[in-house]
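Data first, discussion second: the structure below is written as structure tokens.
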Ligand SMILES: NC(=O)c1ccc[n+]([C@@H]2O[C@H](COP(=O)([O-])OP(=O)(O)OC[C@H]3O[C@@H](n4cnc5c(N)ncnc54)[C@H](OP(=O)(O)O)[C@@H]3O)[C@@H](O)[C@H]2O)c1
């Protein structure tokens, strides 16, 4: 029996590596398409010999997308930017997403899972949120059967949120509570998002639908900072930083190669990032979400003063 082949655009990223592992386990033959395949070879042992292959592809280039989809019966579109570097939000979230959906439609591929984000809204102030919404529209216009997944904050061993703030807490006596730390999040485990991708591909009733993916609990930004500090066994001052002041700081911070904060993120932080009450969710894909508390200890231990063997006494740290 011939194995079914899927192209995973952006398969070398944070979510990509977990999606590739889950898809390989589910029996797919995988073509990982990204701009730097040499940085993706670490994925090879996640499948059987020959199960995971690589193709150089920039989704902003229609011919490269067309070639990357050859021979596949399904695709996952993951590329996304937190801040523009060398390519714009528009390039990746709108033009790139459109290219993938249009090429899939031309090649008769009906199974496409497209990664967007909670908060995608063409009326939003943030360019990230605006372009995510424009991308969804382009994808559905080209391929109405495409499935859109909108995660809240995604957490897992290589995440850019908990790792970043735990790293900051290691060197700084103060952690900023942007906008007072009231913004609410519903962090979702990267393994659950990967499982959602696999489930959506197999469910005919998922075609054309949009799912919002969140974990079992919502937390304020302040509660998330407290969680990080408890987990790494450090006491730090949590200092409220009004949005206006955060924007002023972000104006300069965003010049760094991997900025802690950008102006666009400050705009995003003005709105809660939680699953809408009427949205289809992980439960509709048959997935029970994992808690943050179950996973953080598995990877934040490296930020503890004595690493894995730190003698944590959480009560004393509260
Ligand atoms: N992480 C979160 O908390 C979160 C939350 C909500 C939504 N999302 C969405 O989930 C998706 C995956 O996020 P992630 O955190 O896994 O991102 P990531 O770690 O930054 O990975 C991005 C991937 O896309 C590839 N890529 C970037 N530009 C590309 C281009 N022009 N053409 C082809 N490939 C390109 C990158 O590889 P190369 O650089 O080699 O091309 C990399 O493999 C994104 O759409 C993101 O917006 C993430």
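What follows is calculated from the coordinates using simple rules that are stated; it is not laboratory data. Values in this document were obtained by computation on a predicted structure and should not be read as measured data. Quick reminder, even Gly has a Cβ in these numbers, built from the backbone with ideal geometry, and neighbours come from all protein chains shown.
Restricted to segment 68-90, and to residues that are out of contact with any helix residue (DSSP H, G or I) (no Cβ under 9 Å at 6 or more places or on another chain) and at negative phi, which residue is surrounded by the most Cβ atoms within 10 Å (Cβ to Cβ)?
Looking at residues that are out of contact with any helix residue (DSSP H, G or I) (no Cβ under 9 Å at 6 or more places or on another chain) and at negative phi, I get 73.
Do we have residue 223 as surrounded by 22 or more Cβ atoms within 10 Å (Cβ to Cβ) and more than 23 Å from residue 112 (Cβ to Cβ) here?
No, not satisfied.
Does residue 44 satisfy being touching a strand residue (DSSP E or B) at 6+ places or on another chain (Cβ under 6 Å), free of Cβ contacts under 8 Å to residues at least 12 places away in the same chain and more than 9 Å from the ligand (Cβ to nearest atom)?
yes
Among the residues of segment 101-128, which ones are in a helix (DSSP H, G or I) and near the ligand (Cβ under 9 Å from one of its atoms)?
Across segment 101-128, the qualifying residue is only 128.
Taking the residues in segment 134-163 that are outside any loop (DSSP other than H, G, I, E, B) and near the ligand (Cβ under 9 Å from one of its atoms) as candidates, determine which candidate is farthest from residue 298 (Cα to Cα).
135
Looking only at residues in segment 62-81 that are farther than 24 Å from residue 131 by Cβ and either more than 13 Å from the ligand (Cβ to nearest atom) or in a loop (DSSP other than H, G, I, E, B) (or both), which one is nearest to the chain's Cα centre (by Cα)?
The extreme case among them is 74.
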